[in-house]
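Undergrad: Quick one: the structure is below, and I'll ask about it shortly.
The values are calculated or read from the model by the stated rules, or taken from the named source; none is laboratory data. Everything quoted here is computed from the prediction, not taken from an experiment. These accessible areas exclude ligands, DNA and RNA; they are computed on the full protein's heavy atoms, side chains included. Shrake-Rupley method; radii C 1.70, N 1.55, O 1.52, S 1.80 Å.
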Amino acid sequence: MFEESYNHYVKQLINFNINLSQSPFTNDNKVEIFTYTQDKYDSLLRDIEGAETSIHMLYFIIKNDKIGTKIINALAKKAKQGVVVRVLFDHGQNLFFRIEHLKLL
């Protein structure tokens, strides 16, 4: 189940996740940690642009600001290209987000 290169702490974290949330562990996943917000959004926009078949996004908050508009516009562009786009977000935290933006998708 575990690769030999995993240290003791990583194995503990994997076991904790499996036992607590019943989430299966899979190999070949990638995690990237961002220390600057702009780097995170640049990466997100690159990922959206590179999508070929589907985009599934889960966000707590999507603001009606410069970056929120960029993300929605990028998603709308991909939807027009035939990519399946799904966005799930907390409406209660997004009271000022315009639903018209989602109609673009």
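Undergrad: Give the long-range amide H neighbours of residue 57: residues separated by 5 or more places, or on another chain, with amide H under 5 Å away, using H modelled in the peptide plane at 1.01 Å from N.
TA: 86, 87, 88
Undergrad: Give me the 1.4 Å probe accessible area per residue for the range 6-91, excluding ligands and nucleic acids, in Å². Before the final figure, lay out the partial values.
TA: On the way: 6620 Å² over 86 residues.
Averaged over the residues of the range 6-91, the accessible area is 77 Å².
Undergrad: Moving on. In the range 38-90, what percent of the accessible surface is made up of carbon and sulfur (1.4 Å probe, ligands and nucleic acids excluded)?
TA: Heavy-atom surface of the range 38-90 belonging to carbon and sulfur, 1.4 Å probe: 52 percent.
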